[in-house]
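Student: Have a look at this one.
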Amino acid sequence: MLSRLLYNLLIHLGLPLVLLALYKPKKGKPGFGVRWAEHLGRTPATGQDAPLWIHAVSVGETLAITPLIRALKAERPDLPILLTTTTRTGAEQAARLGDLVVHRYAPLDYPWAVAAFLKRIKPRALWVMETELWPNWLVACETRHLPVTIINARLSERSCRRYARFQGAFDALSRPLTHLLCQHQDDADRFARLGIDRARLAVTGSIKFDLQLGDEVQARGRALRQRLGQERPVWIAASTHQGEDEQVLVAFDGVLQHHPQALLILVPRHPERFDRVAELCAPYGCVRRTGDAPIRETDKVYLGDTMGELPLMLAAADVAFVGGSLVKVGGHNLLEPAALGKPCLIGPAYFNFSDITRQLVAQGGAALVDDAAALGEKVSALLADGSERRQMGEQAHAVVLRNQGALARTLSHCLASLEND
């Protein structure tokens, strides 16, 4: 109780900073418009009766949960679903689900905001994508006897040890959790070490492996490649962060020494950085996707400044580097390029996706690069060796195929929980 009081005191003292971070205008980044008040629990009515509340914090989690939502609606077409996100980009991705869901912004973790949200929505249960645990959300669900299921739950050894130092706080946080559907047996074992009853744990795998990158993505990728130059060596640096674009361009300088006709597809992670990255790339001859200008041989960089089109850009490339890993962000998911059969490269800071990365590296579908120089050398070598590219791409795709099936297992558990809870 004391720890929760302290937590609530701190988050209320920090409320101005939270609001500033969320709503401060940023060039190239769309705002929340009149919907900003939803974060404070002022949620418009949905017209739904006792919806299933599914939360996916941002665009990555929304993309990952989309196949599950489609499968769930196929099984239970009359089930109303409210999908919440915290970010604007997550909301844009949710809009692609059309009338399968109603979207609202999730309330911030203030008791009064959560209470107002639940009073208006009256959900039948809460499903959370990945282990995003907010104390006031969980207390409110427990008070109202709402079942809470964590999907794609994961717990690193480091986090497990940290929670163990505050066992009482973890017990209070985890008590409202009805089901934890874990990605790996190691995750389930760590939750069990922290005292969670095995009856609440299941190992379903990661639904992120059950990607639905169909023929349309491949066809659009081929069309883009035709436009970029069928004979040009093309590599992509995806989901790059501030301080990483410069390193990618240093690597590209090395690539150009061996492959003067090479083209770099550069896709920054955050839209507010598109203009700045375009300035960095201008000396190389930079064509922006939104500009729709023809690509000349002298143009060396194609800037992916749109949202939701990363898969087709990956499909158009020969080699994929995944960012957030040459800076200490923790990396991003290698599954999309792997599912497309692309050889994958990632920097040393991949701690947010260690399990997937290690599987791919162990099977020869991905390679680690320590810095910009190593990235340039590896890209150059792969662009020069079609046989190695094909072998790496095949191994990457094989890892994805071996791990599929989590969607069906997760859906089975979730449907059972709806009936039993």
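The values are calculated or read from the model by the stated rules, or taken from the named source; none is laboratory data. Predicted model, so just to flag it, every value in this text is computed and none were measured. Ideal geometry is used to build each Cβ from the backbone, glycine not excepted, and the neighbour counts take in all protein chains shown. Areas reflect the complete protein model, heavy atoms only, side chains present, ligands, DNA and RNA absent. Shrake-Rupley method; radii C 1.70, N 1.55, O 1.52, S 1.80 Å.
Student: Would you mind pulling out the separation of the Cα centroids of the stretch 140-174 and the stretch 277-298, in Å?
Tutor: Between the Cα centres of the stretch 140-174 and the stretch 277-298 lies a distance of 47 Å.
Student: Is the stretch 325-407 rounded, prolate or oblate when judged by the Cα gyration tensor, a ≥ b ≥ c being the square roots of its eigenvalues, rounded requiring a/c under 1.5 and prolate requiring a/b larger than b/c?
Tutor: oblate
Student: Viscosity 1.002 mPa s, temperature 20 °C: Stokes-Einstein D of the stretch 1-160 from its Kirkwood Cα radius, in µm² per second?
Tutor: It diffuses with D of about 130 µm²/s by this estimate.
Student: A follow-up question, please. Quick one: with all protein chains in place, what share of the accessible area of the chain is carbon or sulfur, to the nearest percent (1.4 Å probe)?
Tutor: The computed percentage sits at 54.
Student: Then there is this: Can you give the accessible area per residue of the stretch 290-330, in Å², using a 1.4 Å probe?
Tutor: Result: 36 Å² per residue.
Student: Amide H neighbours of I265 under 5 Å, at least 5 residues apart or on other chains, H built in the peptide plane: list them.
Tutor: Those qualifying (amide H under 5 Å, at least 5 residues apart or on another chain) are W235, I236, A237, Y302.
Student: Compute the length gained on full extension between R144 and A384: take 0.36 nm times their separation in residues and subtract their Cα-Cα distance, giving the result in nm to one decimal.
Tutor: Length gained between R144 and A384: 80.3 nm.
Student: At 0.36 nm per residue, and after removing the present C-alpha to C-alpha distance, how many nm does the segment from A95 to H413 gain when stretched out fully?
Tutor: 111.9 nm
Student: Moving to a separate point now. Over all directions, average the projected area of the Cα convex hull of the stretch 66-110 and note it in nm².
Tutor: 3.4
Student: Filter the trypsin sites (Lys or Arg not before Pro) in the stretch 329-421 to those in DSSP coil with at most 11 other Cβ atoms within 10 Å of their Cβ, and list the result.
Tutor: The qualifying sites: there are none.
Student: Just order 209-217, 161-169, 302-310 by mean Cβ neighbour count inside 10 Å, highest at the front, would you?
Tutor: Going from most to least packed, we get 302-310, 209-217, 161-169.
Student: Could you pull out every Cys in the chain that lacks a partner Cys with its beta carbon under 4.7 Å away?
Tutor: Unpaired cysteines in the chain: C141, C160, C182, C344, C414.
Student: Using DSSP, restrict attention to beta bridges with both residues in the stretch 1-151 and report what percent are antiparallel, rounded to the nearest 5.
Tutor: Counting only bridges with both partners in the stretch 1-151, antiparallel ones make up about 5 percent.
Student: Tell me, what is the FRET efficiency for A164 and L256 to the nearest 0.05, using R0 = 60 angstrom and their Cβ-Cβ distance as r?
Tutor: 0.75
Student: Cα atoms only: what Rg and Dmax, in Å, come out for the stretch 287-328?
Tutor: Rg and Dmax of the stretch 287-328, Cα atoms, are 12.0, 36 Å.
Student: Can you give me the distance in nm between label points at R70 and H270, each placed 7 Å from the Cα along the Cα-to-Cβ direction?
Tutor: Between R70 and H270, the label points sit 3.1 nm apart.
Student: Considering all projection directions equally, how large on average is the shadow of the alpha-carbon convex hull of the stretch 318-370, in square nanometres?
Tutor: 3.1
Student: Here is a further query. Give the distance, in whole Å, between the Cα centre of the stretch 190-217 and the Cα centre of the stretch 50-96.
Tutor: 17
Student: Next up: Residues of the stretch 340-421: accessible area per residue at 1.4 Å, in Å²?
Tutor: 46
Student: Just to check, using Stokes-Einstein with a Kirkwood Rh over alpha carbon pairs, what's the diffusion coefficient of the stretch 86-202 at 4 °C and 1.567 mPa s in µm²/s?
Tutor: 84
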